[in-house]
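Q: Dropping the structure in here first, questions after.
Read-outs throughout are calculated quantities, based only on the coordinates presented, and are distinct from any laboratory measurement. For clarity, every value in this text was computed on a predicted model and none was experimentally measured. Ideal geometry is used to build each Cβ from the backbone, glycine not excepted, and the neighbour counts take in all protein chains shown.
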Amino acid sequence: QAQLMESGGGLVQPGGSLRLSCAASGITFNDYVMGWYRQAPGKQRELVAVFGSNGWTNYVDSVKGRFTISRDNAKRTVQLHMNSLKPEDTAVYYCNAHRGSPVAAFIRDFWGQGTQVTVSS
């Protein structure tokens, strides 16, 4: 059974840093694109950063230069290093594992339970 366990959220002052971690189990980790999404109150969930199994990464414009996604295939973990945090980064952050396929029935998406990040003075 696939499971994604997030940790590392909390309250931080503007300009501060946090590191989120996600541990995956029950999936063939290398087959999945790992990503972080976030959802602020009253807003849609948005992609923050993704890390493909072959090393490519992508970020939403609003976090470029401030956030870094990293991945350890041996430990089956993905992390989000967040620096220079702003109040608008406040949201619930979700870990995602996505496996694409030309065959729709083989596409898989798994989500963690979410971890709250609050940036406030």
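Q: In Å³ and rounded to a whole number, note down the convex hull volume per residue for the Cα atoms of the range 37-89.
A: 88 Å³
Q: Let me have the relative contact order for the chain, percent, based on Cα pairs under 8 Å that are six or more residues apart.
A: Reported as a whole number, the value is 35 percent.
Q: When the chain is modelled as a GNM with alpha-carbon springs shorter than 10 Å, which of 54, 96, 73 fluctuates the most?
A: Evaluated over the chain, the most mobile residue of the options is 54.
Q: How about the range 29-58: which chymotrypsin sites (Phe, Trp or Tyr not before Pro) there lie in a loop by DSSP and see at most 11 other Cβ atoms within 10 Å?
A: 56
Q: Then there's this: Please give the length that would be gained between residue 107 and residue 62 if that part of the chain were fully extended, namely 0.36 nm times their separation in residues minus their C-alpha to C-alpha distance (nm, one decimal).
A: Here the answer is 13.4 nm.
Q: Also, I was wondering about something else. For the chain, divide the Cα radius of gyration by the Kirkwood radius and give the resulting Rg/Rh value with two decimals.
A: Across the chain, the Cα-based Rg/Rh ratio is 0.97.
Q: Okay, moving on. What spacing in nm lies between the two simple spin-label points modelled at residue 118 and residue 72, each 7 Å away from Cα in the Cβ direction?
A: 2.9 nm
Q: Mind giving me the nanometre distance, one decimal, between the label points for residue 1 and residue 44, set 7 Å out from Cα along Cα→Cβ?
A: Those two pseudo-labels are separated by 3.2 nm.
Q: On to the next question. What is the distance in Å between the Cα centroid of the range 49-63 and that of the range 79-106?
A: So the two Cα centres are separated by 9 Å.
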